[in-house]
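The values are calculated or read from the model by the stated rules, or taken from the named source; none is laboratory data. Because the structure is a prediction, the values reported are computed rather than measured. Cβ placement follows ideal geometry from the backbone for every residue including glycine, while neighbour counts extend to all protein chains displayed. Side chains are part of the model used for accessible areas, which takes the heavy atoms of the whole protein and leaves out ligands, DNA and RNA. Shrake-Rupley method; radii C 1.70, N 1.55, O 1.52, S 1.80 Å.
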2 protein chains.
Amino acid sequence: MTASATRAVGDPTGLHRVLDEGTVLPQAAQRLDTRRELWPDEVRIRVERLNLDAASFRQLERTHTDDGGTVDRDALRAEVLAIVAARGKMQNPETGSGGMLIGTVEEVGPESTLGLAVGDRVATLVSLTLTPLVIEDGLARWDGRGEQVPTDGYAVLFGRSIAAVLPDDLAHDLALAVLDVCGAPALTHRLVTQYEQPVVAVVGGAGKSGSLSIAAAARAGAQRVIGVVPQAAEAALLEAAGIADVVAVADARDPVALRDCVNAAGGPADITVVCVDVPGCEGGAILATAPGGTVLFFSMATSFSAAALGAEGLAADVTMLVGNGYVPGHAAYALDLLRDTGGVRGLFERRL
Amino acid sequence: MTASATRAVGDPTGLHRVLDEGTVLPQAAQRLDTRRELWPDEVRIRVERLNLDAASFRQLERTHTDDGGTVDRDALRAEVLAIVAARGKMQNPETGSGGMLIGTVEEVGPESTLGLAVGDRVATLVSLTLTPLVIEDGLARWDGRGEQVPTDGYAVLFGRSIAAVLPDDLAHDLALAVLDVCGAPALTHRLVTQYEQPVVAVVGGAGKSGSLSIAAAARAGAQRVIGVVPQAAEAALLEAAGIADVVAVADARDPVALRDCVNAAGGPADITVVCVDVPGCEGGAILATAPGGTVLFFSMATSFSAAALGAEGLAADVTMLVGNGYVPGHAAYALDLLRDTGGVRGLFERRL
């Protein structure tokens, strides 16, 4: 299929908007076509807010921090604008990650099957790394201080895409924060049901994907859920939330500390879910997991080769999963978990 | 555990030889202690040959190729020497990968449980990325032209490690080539038995890990095994080997081409095994896989974020596995497959 052919006929994966030489999917593309006009199966969203991926935001912040520790917020903002202008999407070239957005449906192509109507307030559940995006306000309302970026502009959804209509009973900020990580609890639930009453360790248990994964593991029938956090203050928060059977403190980058802490808390784990967005947690997660167990990597800071070679180097017979952000029904499941689990909701509301 | 404590007492993972600040596993370490003297559970090997990881060798070759396409072999050799001298192990800083080695057991610590005896000829099945290594001959016998590096020096195995005694009935080159990739067929076999008569696509089916994975899928009960190769010459080789039910040609970096070719060959696949060491195959592998299917990534060129975000962006409900190079019994299983499958053996012998 040539580039010109894909442009004439739309493809549900969005290939027709890829401007690169050769055939690559929108996520792998250097640059996307951001024209306003829709292909017949597309949907255009009026964007209100971007929610940058945590690892991406942190990388941008580090890049623009001087030796004295001061962050140049204007430069950070300018870089986000430059990335979106150059690539036609918000994909951090260093981390490869993007984020998500909320907005209002502005136009629906006649052949769209996403079930959306003009005026619906939605969150996109596909990554910004593959979403054609135009920023029209120069990010004038964003102070560069957090991952939540208020803006005005438009974005395009393809035929094969996912967007969730924001629920009426939850604040939009809260719903957005849940939807951003909704793949993790759904996949954790599925995995727990594949074991018999497993011990589950969630590394980064007080965070967004972590706390939802703890609640999902408990709901799915885990025998014991261990929440691992990096320091005492987070441990107190997670204890107070009352969602984990045990709360343990360890630096997840220290493999021996993580192994020992999970073992002391009732491990080794049959399932270890990694939800901390810092590099270098692969070895500890592998060591904390029992033979025949599974490590589920949800952190975008995961290194494929560190995981593969780490397990081999430790002669560890563990299954290692790349955390897929899509599981059918994941949005509804995660929102439901939040509604039913006061402790999770409390942790989320603290962050807003 | 502090660094000094780990140094006094050996740890089966080799932590006592890590020279970095903080606690990191040998694979993640910048630098290892290569002293000759053994901790009680270690084994020292007199090294005869290194077998560099294919992705690593290719990266080194590219780095030292001038605009006219000429490779500076002396510079390539010097870089390998410099890496080993600086890090105390052969780990390519760009690809993160290493390779393996063969040699003869020189000394066995009194507490070693690896079952090795002085004089055994062995291949190490843990990566060079975590194996303390000293090169003593300046790589004088290596012309820099291939991944096989004849040398003289020593390496150290830790308490928790894996080495296979080289079999008597197979040439050492042949056995080494099999052992280098023996995790792939073992994990493919295990995965096939978890499905009912699945359709299996092996991308890179004419290569080492690819051809063994095809044979493993067939032995484990796959309904149909599709071998995908990049061009006609390889297709002819794979056809002649007679191990795949169907041989198909596609550029695995072109997601639409890969999807269409697997579908035309009897797909979509329930299991897609990625064995090609080139970047950018994640999207095609995901698209070639049926909902509920599994993608098994064995290529060290796999990008974690491309896989995770790619599946999410395509709303693809597929399980994605990081290819773990260790499965109990993997060495014996792979050697056995080679002995039993003339077609696989032929493909291997062509490469030696």
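Descriptive notes on the structure:
- For B:Ala332: the one exception among (1) under 23 Å from A:Leu187 (Cβ atoms); (2) not in a loop (DSSP other than H, G, I, E, B): (1)
- Just one of (1) open to solvent by 50 Å² or more (accessible area, probe 1.4 Å); (2) among the small types (Gly, Ala, Ser); (3) more than 19 Å from A:Ile162 (Cβ to Cβ); (4) within 14 Å of chain B (Cβ to nearest Cβ) fails for A:Ala54. It is (1).
- Any hit, the stretch B:282-298, residues being among the acidic types (Asp, Glu) and open to solvent by 30 Å² or more (accessible area, probe 1.4 Å): no
- When residues of the stretch A:113-137 are limited to those that are open to solvent by 30 Å² or more (accessible area, probe 1.4 Å) and within 14 Å of chain B (Cβ to nearest Cβ), the one nearest to the chain's Cα centre (by Cα): A:Leu114
- Within the stretch B:13-35, residues that are on the phi > 0 side of the Ramachandran plot and at the interface with chain A (Cβ under 7 Å from one of its Cβ atoms) have Cβ atoms under 8 Å from residues that are buried (at least 20 other Cβ atoms within 10 Å of the Cβ) and modelled with pLDDT under 90 in no pair, counting only partners at least 6 apart in sequence or on another chain.
- Apart from one condition, B:Gly292 fits all of (1) closer than 25 Å to B:Ala220 by Cα; (2) touching a Pro at 6+ places or on another chain (Cβ under 7 Å); the exception is (2).
- Residue within the stretch A:236-256 that is open to solvent by less than 40 Å² (accessible area, probe 1.4 Å), within 14 Å of chain B (Cβ to nearest Cβ), closer than 30 Å to A:Glu106 by Cβ and in contact with a Gly (Cβ under 8 Å, 6 or more places away or on another chain) present: no
- Residues of the stretch B:299-317 classified as more than 7 Å from every other protein chain (Cβ to nearest Cβ) and open to solvent by 10 Å² or more (accessible area, probe 1.4 Å), total: 1
- The single condition among (1) open to solvent by 30 Å² or more (accessible area, probe 1.4 Å); (2) more than 14 Å from every other protein chain (Cβ to nearest Cβ) that A:Leu76 does not satisfy is (1).
- Count of the stretch B:318-332 residues which are more than 7 Å from chain A (Cβ to nearest Cβ) and open to solvent by 30 Å² or more (accessible area, probe 1.4 Å): 2
- Single residue of the stretch B:266-281 satisfying the filter (crowded, with 24+ Cβ neighbours inside 10 Å and not in a strand (DSSP E or B)) that is farthest from the other protein chains (Cβ to nearest Cβ): B:Gly267
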